[in-house]
1. Among the residues of segment 409-416, is any more than 20 Å from residue 247 (Cβ to Cβ) and in a loop (DSSP other than H, G, I, E, B)?
2. Considering only segment 654-673, I want to know if a residue exists there that is in contact with a helix residue (DSSP H, G or I) (Cβ under 7 Å, 6 or more places away or on another chain), surrounded by 19 or more Cβ atoms within 10 Å (Cβ to Cβ), of a type in the set (A, V, I, L, M, F, W, C) and under 29 Å from residue 808 (Cα atoms).
3. Among the numbered conditions (1) within 27 Å of residue 257 (Cα to Cα); (2) of a type outside the set (Lys, Arg); (3) surrounded by 19 or more Cβ atoms within 10 Å (Cβ to Cβ), tell me where residue 612 comes up short.
4. So which residues in segment 445-481 are at pLDDT 75 or above and surrounded by 15 or more Cβ atoms within 10 Å (Cβ to Cβ), if there are any at all?
5. Could you please find all residues in segment 578-605 being of a type outside the set (A, V, I, L, M) and within 19 Å of the chain's Cα centre (by Cα)?
6. Looking at residue 97, is it in contact with a Lys or Arg (Cβ under 6 Å, 6 or more places away or on another chain) and either on the phi < 0 side of the Ramachandran plot or at pLDDT below 95 (or both)?
7. Does any residue in segment 289-301 that is touching a residue at least 60 places away in the same chain (Cβ under 8 Å) and surrounded by 24 or more Cβ atoms within 10 Å (Cβ to Cβ) come within less than 6 Å, Cβ to Cβ, of a residue that is assigned to a helix (DSSP H, G or I) and polar (S, T, N, Q) six or more places away or on a different chain, and which pairs are these?
8. Which one is farthest from the chain's Cα centre (by Cα), of the residues in segment 247-285 that are closer than 13 Å to residue 158 by Cβ and of a type in the set (S, T, N, Q)?
Amino acid sequence: MTAFTVHDPRRLPQSHSRARLYHHESGLRTLLLPEPGSRVTAVLQIGVGSHDEPETRPGLAHLLEHVLFTGSERYPGVHHFARRIQGWNGHYNASTLDDTTAFFFTVDAEGLAPCLAHLIDMLSRPLLTEESVARERRILDAEFRTRLADPRLHRQALLARLARPSHPLARFTAGNAHSLSAPLASLTGEVRAFHACWFRAGNMTLVLQGALPDNVDGVLAETLSRLPSGPIPSRPPLPTAFPSDIQQQDWLWRAPRSDTSCTLLFPLPEDERVWPWLRHWLREPGHHGALGGLRATGMASTITVTGQRRSRNQGLNQGLNQGECLIELDAPGRGQEAAALLEHWLSRMAAYVPSRWPSTARLATPDPEGFPAPPDAPLARLCYLARRVAGEPETDTDTLLAPPAPPDDHTWHNTLRGLSDTGAMVIDHDNGRDFTRFTPWTGTPYRAIPRQRPAATDPFQTLLAPSATATAAPPSLKTLTRVPVDTEDTLRLGWRWPGDQTIAVERLGLRWRLLLEHAPFTGPKVRVHQSGAKLILDLAADDTAIRTTLATLFAPMDAPWERLTEHRHRIWCRQRDAAAPAHRLLQVLRDRLDGVTRENQGLLSSPTSLYCAYPRTWPETRLATGLSPITARFFPDTATDTTRATAIPTGQQAVPCAYPDHARLLYLPAPHRHVLDRLCWRLLQRHLAAPFYQQLRLRQQLGYWVDCRYQEEADGRCGLLLLVQSPDHGQRVLQAALSGFLENAGALLTAASLDDWQRTIRSLRAEVEREHSASGYPFEQRWNQAFYQRPGEADAELPLLDRLTAKNWRDEVLERYALARPFTLYSIAG
């Protein structure tokens, strides 16, 4: 929900002199980013994507990404890679984009060498059997049918339909059973040929970040030598993506469910120096920022800015840079109004040249990313660096890691003036029925409308004024629950309200986030977290910053801020209600665990409790002065916390969902809140995750989304989630599959050898030890004990893991598993 992201220097090595490039004789370049800690992240990026696949085989690149995980020469088992990553307390994923395919994992530092060796073998010597191609083709088709309810897929289909037929953007890249319907032997041959053509060492880039071993050069020299070398095919020059007659019109389309955004497309600036700064000013909520103007006029509350750059060579700075700047606003149905406002903003911003910009922390290090990447922010950063390494092979590490320099005044002025004159192509949502054209593959209804630009308010000078600060005298702190902690840099406030106040608390949390985005004095330590009817505010333990921030948050709400908050909450509710079935079930489970009810909601009342964690060295007077801006109605009436523990849900519940897919979630709570139960459930998840995936996704082919995860609540409760979403199997089939797996789970646990149990225990112990040694762990432990009434037994975890034998643990898990009673949520059309 944060519209402005300050570049976080903690993502980079503490010393740039320690970062370096490693060049392997095979041609692969590796960027090494050492950081203190006990974890390491690897991103291996290949310079090939869906725009490089044969025109006759849409989805081939995506299919190859799937099949690569199904076994290699050294590791032929389908689940070998997943189990290896899990054994080092890690996680992994992959993505196929227009021009790149990326594989990434994060593991304990000791697991880097074996996990990287496994990944390299997987990419260089995959088995690519007909059986795995057939299985993954079915899974990919299920994924496509699930995504048919996602507006983003339909927007991409419309862009493809509007693009020149000769441009790669016009291709269908997701893939489904029809686009991959070639005879199995022929399709397998195409997959192998595509892999052999593009998966060469010289077309790959590796980025390693974290606690790198001292012998990392030796690890790379041995591991990377298995990669095949050789040239890759040349790519023909690209035409512009959209014909001029297409660009001079705006477009409407009808989504399969209520859309919550409109999209504006501008040409991507050819001069790459302009892009990070343009993206910064578009997302800036303050003075001169486009987001600030959009909010002040009531047009939108959030903005997402993404660049799609296309160059038909390996260098990012070589040849003609083509692409689009995609701007998404939470203003459905107001696309032409938004285009008029932003085009006017660009014309005004062109005159606001870099030499006039103020020297502020926000402008010191703009976020240079903004290209399609994984949603995880650290991974997105590493993928961006991988692109830089691939496109700028002669660049040194200092240049790669340095913030981008601003363009000269002349370049900035001419670029933005050109963008304003060209204007945006609007793609907006319409619920009407007068559509006569439909996109191939997705059947998305669309039509052209004349480009019209209504008169726009000047967004360059329009800005939401901050609310008047709170000045009322504070009430007594007698009802405040104090939590003194051994810290000098953090102050935390936590409120609890009854469960029937959830919607009002959601609005309050959204308002606070909006206010903090506009505040010029906030830093990275200021955070708002809302869960159910609980709201937590983190502040830097600085007297001036605390009083200034609290005075802003607790001031009376002005009408413009009220309208903006209501707009954001309305869009947020529509997004929640229209989420995919699996997401909806997880949302409802969260409400049930938090004791939330969404019926008979009223205005925000006084909280039932207020907790404050503050530095133990602070005297009473300093605490009272710091909290003085908090108004009386945000203090509880009594010092006694009247919050009742939420009962563990049982039985089953139907959940109305907008998607046509069927989803079922089985939540298996641990019997107690004891530390032994939490450790047992973490071991349970480690033993059941791979069999669950193998049986329901691979063997039974139930759907694309199959997940088994451990979930722990802040109050110490924990449970096991078994979740499946299917586009073509009904609830009876899903129920039978989940029930059957639960019935056999005890046998699976019993059949596991004591050596397997011992390996799992060692892996869990390493993870727990890392958690306990993490910065901020004592603070969070003390807070959870107070705010959530969590038993103070976390220090017992490591002694327990050391004291009990593998047989003891197996017996404890089986005993508790037999006592657990599942709670089931399932989707219904609604």
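1. no
2. Scanning segment 654-673, I find at least one residue that is in contact with a helix residue (DSSP H, G or I) (Cβ under 7 Å, 6 or more places away or on another chain), surrounded by 19 or more Cβ atoms within 10 Å (Cβ to Cβ), of a type in the set (A, V, I, L, M, F, W, C) and under 29 Å from residue 808 (Cα atoms), so the answer is yes.
3. (1)
4. 445, 446, 447, 451, 453, 456, 457, 459, 477, 479, 480, 481
5. Once the filter is applied, which keeps residues that are of a type outside the set (A, V, I, L, M) and within 19 Å of the chain's Cα centre (by Cα), segment 578-605 yields 581, 583, 584, 587, 590.
6. Criteria not met by residue 97.
7. Pairs that qualify, where the first residue is touching a residue at least 60 places away in the same chain (Cβ under 8 Å) and surrounded by 24 or more Cβ atoms within 10 Å (Cβ to Cβ) and the partner is assigned to a helix (DSSP H, G or I) and polar (S, T, N, Q): there are none.
8. Ranking the qualifying residues of segment 247-285, first place goes to 249.
The values are calculated or read from the model by the stated rules, or taken from the named source; none is laboratory data. Quick caveat, the model's predicted, so the values are computed rather than measured. Glycine also receives a Cβ, built like all others from the backbone with ideal geometry; neighbour counts cover every protein chain displayed.
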